[in-house]
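Written out below as structure tokens is the structure these notes cover.
The values are calculated or read from the model by the stated rules, or taken from the named source; none is laboratory data. On a predicted model such as this, the values are computed, not experimentally measured, just so you know. As a convention, Cβ positions derive from the backbone with ideal geometry for all residues, glycine included, and neighbour counts pool all protein chains shown. For accessibility, only protein heavy atoms count, side chains too; no ligands or nucleic acids. Shrake-Rupley method; radii C 1.70, N 1.55, O 1.52, S 1.80 Å.
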Amino acid sequence: DAGVTQSPTHLIKTRGQHVTLRCSPISGHKSVSWYQQVLGQGPQFIFQYYEKEERGRGNFPDRFSARQFPNYSSELNVNALLLGDSALYLCASSFLGFKDEKLFFGSGTQLSVL
Amino acid sequence: AQSVSQHNHHVILSEAASLELGCNYSYGGTVNLFWYVQYPGQHLQLLLKYFSGDPLVKGIKGFEAEFIKSKFSFNLRKPSVQWSDTAEYFCAVNNAGNMLTFGGGTRLMVKP
């Protein structure tokens with residue numbers, strides 16, 4: 001079975017640009033979460049979506065937005081990129097997004113902002 | 001807001017040595033606790049989790065963790081490490097949905 005897939009794997013952007021990252025959850029999983037992992041730090045929660053509805057949002061500015069599609073795939077959008085947005089962006093999926101569920105992570109998208 | 005602290009940023013051990021990685025969290029209510037591992041070149045994967053019941057939790061590959069509520073701790077242990085345990089280890093907590101708060105991680109290097 002395919003795991004969580006993310007695209008692209010690497011991306012280079014310049015300050016002020018916009019970026020869209022994509023995630024396909026494991027088949028059957030309806031919940032998708034996004035995390036930002038800055039080099040040398042642990043992942044930080046950005047968003048959780050379930051059945052196309054936002055279920056949770058972390059402490060990130062409004063430049064960050066996301067959505068989930070009817071096939072449960074998801075996009076993370078970041079506007080007006082800053083140097084500090086350079087990070088590994090991780091997507092994770094689970095069946096229903098309940099607190100006792102195991103999260104399955106993708107390999108991430110490495111974003112570099114120049 | 002909840003937070004997670006992992007005090008050991010880098011640990012170097014020889015094979016067969018015992019391992020204990022510290023994890024402390026700050027949150028007064030009921031939490032679920034996790035240890036995730038990231039092997040070189042691989043994605044994050046769950047090592048073990050604690051929700052309730054026996055505070056000593058056993059996970060994959062011989063790892064275990066003990067939840068001590070009075071100390072707000074959830075330390076990871078393994079009696080005898082192998083070279084293949086070289087990885088980065090993350091402690092995490094959640095108290096709502098499955099939105100995790102991660103610690104900063106501990107890089108473990110096991111020398112053969």
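Can you tell me which residue within segment A:1-17, out of those that are assigned to a loop (DSSP other than H, G, I, E, B) and more than 14 Å from chain B (Cβ to nearest Cβ), is farthest from A:VAL78 (Cα to Cα)? By that ranking, first place goes to A:ASP1. Filtering segment B:1-40 to residues that are of a type in the set (Phe, Trp, Tyr) and either open to solvent by less than 20 Å² (accessible area, probe 1.4 Å) or in a strand (DSSP E or B) (or both) leaves B:TYR25, B:PHE34, B:TRP35, B:TYR36, B:TYR39.
Yes/no per residue for (1) open to solvent by 60 Å² or more (accessible area, probe 1.4 Å); (2) among the polar types (S, T, N, Q); (3) more than 30 Å from B:LEU108 (Cβ to Cβ); (4) in contact (Cβ under 8 Å) with a residue 40 or more places away in the chain:
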| position | (1), (2), (3), (4) |
| --- | --- |
| A:ILE12 | yes, no, yes, yes |
| A:GLY16 | no, no, yes, yes |
| A:ARG22 | yes, no, yes, yes |
| A:VAL38 | no, no, no, yes |
| A:GLY42 | no, no, no, no |
| A:TYR50 | no, no, yes, yes |
| A:PHE64 | no, no, yes, no |
| A:ASN79 | yes, yes, yes, yes |
| A:LEU82 | yes, no, yes, yes |
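Taking the criterion of being more than 7 Å from chain A (Cβ to nearest Cβ) and assigned to a strand (DSSP E or B), the residues of segment B:77-100 that qualify are B:ARG77, B:LYS78, B:ALA87, B:GLU88, B:TYR89, B:CYS91, B:ALA92, B:VAL93. Would you confirm whether any residue within segment B:60-73 is within 14 Å of chain A (Cβ to nearest Cβ) and modelled with pLDDT under 95? Looking through segment B:60-73, at least one residue is within 14 Å of chain A (Cβ to nearest Cβ) and modelled with pLDDT under 95.
Look at (1) within 21 Å of A:LEU88 (Cβ to Cβ); (2) in a strand (DSSP E or B); (3) over 15 Å from the mean Cα position of the chain (by Cα) and you find that B:HIS43 fails only one, number (2).
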